[in-house]
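J.: Supplied in structure tokens, the structure appears directly below.
The values are calculated or read from the model by the stated rules, or taken from the named source; none is laboratory data. This structure is a prediction, so every number in the text was calculated from the model and none was measured. Note that we place each Cβ from the backbone using ideal geometry, even for glycine, and neighbour counts take in every protein chain shown. Heads up: the accessible areas ignore ligands, DNA and RNA and are worked out on the full protein's heavy atoms, side chains in. Shrake-Rupley method; radii C 1.70, N 1.55, O 1.52, S 1.80 Å.
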Amino acid sequence: MKKSTALALGILFAVIAVGAALFVAEIPVLIAVVVISAPAALASLIYWWCAGTKDGDIPFVGY
């Protein structure tokens, strides 16, 4: 995964988490969306932060 892709995914998941959190009072099922997308946003942003600047690629972490 490229560094730019990780950043785009992090931003996308963060927007989804914030959007769902705004409407969780009206639609309680959206808490599941927040629970899934918030860690995904955090992980994507951490991958973006740790990616090398030389080739912009994130090394394989493992299984």
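J.: Tally up the residues in segment 33-55 that are among the hydrophobic types (A, V, I, L, M, F, W, C) and open to solvent by less than 50 Å² (accessible area, probe 1.4 Å), please.
T.: As a first pass, look at segment 33-55 and keep what is among the hydrophobic types (A, V, I, L, M, F, W, C): 33-36, 38, 40-43, 45-46, 48-51.
So of that shortlist, the ones also open to solvent by less than 50 Å² (accessible area, probe 1.4 Å) come out as 34, 38, 40-41, 43, 51.
Here the count works out to 6.
J.: Taking only pairs six or more apart or across chains, which ones have beta-carbon atoms under 8 Å, a first residue in segment 1-23 that is assigned to a helix (DSSP H, G or I), and a second residue that is of a type in the set (Asp, Glu) and open to solvent by less than 90 Å² (accessible area, probe 1.4 Å)?
T.: Correct list of pairs: 3/57.
J.: Taking segment 1-15 as the region of interest, how many residues are surrounded by fewer than 18 Cβ atoms within 10 Å (Cβ to Cβ) and of a type outside the set (S, T, N, Q)?
T.: The qualifying residues number 8.
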